[in-house]
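The values are calculated or read from the model by the stated rules, or taken from the named source; none is laboratory data. Being a predicted model, the structure only gives us computed values, none of them experimental. No Cβ is skipped: glycine too gets one built from the backbone with ideal geometry, and neighbour counts run over all protein chains shown. Note: accessible area is taken over every heavy atom of the protein model, side chains too, but ligands, DNA and RNA are not part of it. Shrake-Rupley method; radii C 1.70, N 1.55, O 1.52, S 1.80 Å.
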Amino acid sequence: MNAKIRNNHIYLVKDGKKQEIVEYPGVNVNFTGEGSEVMVHEGAIFKKCSIFIHDFSKVEIEATNPFGIRETLIDFGSVSAYNTLVIKRGCSIGQGTISIGNEHYLSVVVGEDNMWSTGVTLRASDGHIILDKKNGRLINRAKPLIIGKHVWIGAGATILKGSIISDNSIIGSKAVVTKKFVEENVAIAGNPAKIVRSDVEWQRDLLLDG
């Protein structure tokens, strides 16, 4: 890892203070550049997760839901710099991929108490270049991603660059989200995703628990 040699750091945040650590259980941190840091708050639970973080970038993951974050890849690519991922407290992820790389100054923010199923993908960048054939202008710049508080994302859903998902929303299985949704308490589904129902709310309880 050679974190200190390249001025990279992993921190445990406890009682508002951070202390440098070498590793954190359940997550393999791979520094592929310099000047980056990963901050994990006490109470974060991981299982078989990996982080690949490049130059001058930052990951901060607050205490998770007891289910934790499982089998999830966080990938900053190999040519990007000054990118940020923040996952707020109380979240759970069944399995997913969060891609933030190949452009600079990108940010992905995940609000409190998210619940993601398996096969969820977030992409803040297309990863490869698309040009206007007439003038050679780049037409697919990356854009930040914002996931609100208390969002349930179904299995196989994909959230693409520039998307904003409002608080208390539900994203249906295999939905492809490509735009901003500002109305709260909505169910969003389809490809491309659209609002299919308003004035909904969801709970973590299983149906048979009710």
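The 1.4 Å probe gives accessible areas that order Arg141, Arg70, largest first, as Arg141, Arg70. Measuring nothing but protein heavy atoms, the accessible surface of the chain at 1.4 Å probe radius is 51 percent carbon and sulfur.
Could you give me D for segment 13-132, from Stokes-Einstein at 10 °C and 1.306 mPa s, where the hydrodynamic radius is the Kirkwood radius over C-alpha pairs? Units µm² s⁻¹, please. Diffusion coefficient, whole number: 110 µm²/s. Per-peptide packing, taken as the mean over residues of other Cβ atoms within 10 Å, places 122-132, 108-118 in the sequence 108-118, 122-132 from highest down.
Which three semi-axes in whole Å describe the equivalent ellipsoid of segment 92-171, each the square root of 5 times a Cα gyration tensor eigenvalue, listed largest first? With the √(5λ) rule applied to segment 92-171, the semi-axes are 27, 12, 10 Å. Cross-link partners for Lys161 among the lysines, with Cα-Cα distance under 17 Å and sequence neighbours closer than 8 places in the same chain left out: Lys143, Lys174, Lys179, Lys180, Lys194.
Over all directions, the projected convex hull of the C-alpha atoms in the chain averages 12.9 nm² in area.
Accessible surface for segment 13-136, divided over its residues, is 48 Å² per residue with a 1.4 Å probe.
Distance between the pseudo-spin-label points of Tyr105 and Val182 (7 Å out from Cα toward the beta carbon): 2.4 nm. Calculate how many DSSP beta bridges within the chain are antiparallel, expressed in % of all such bridges and rounded to the nearest 5. Bridges in the chain that DSSP calls antiparallel: roughly 15 percent.
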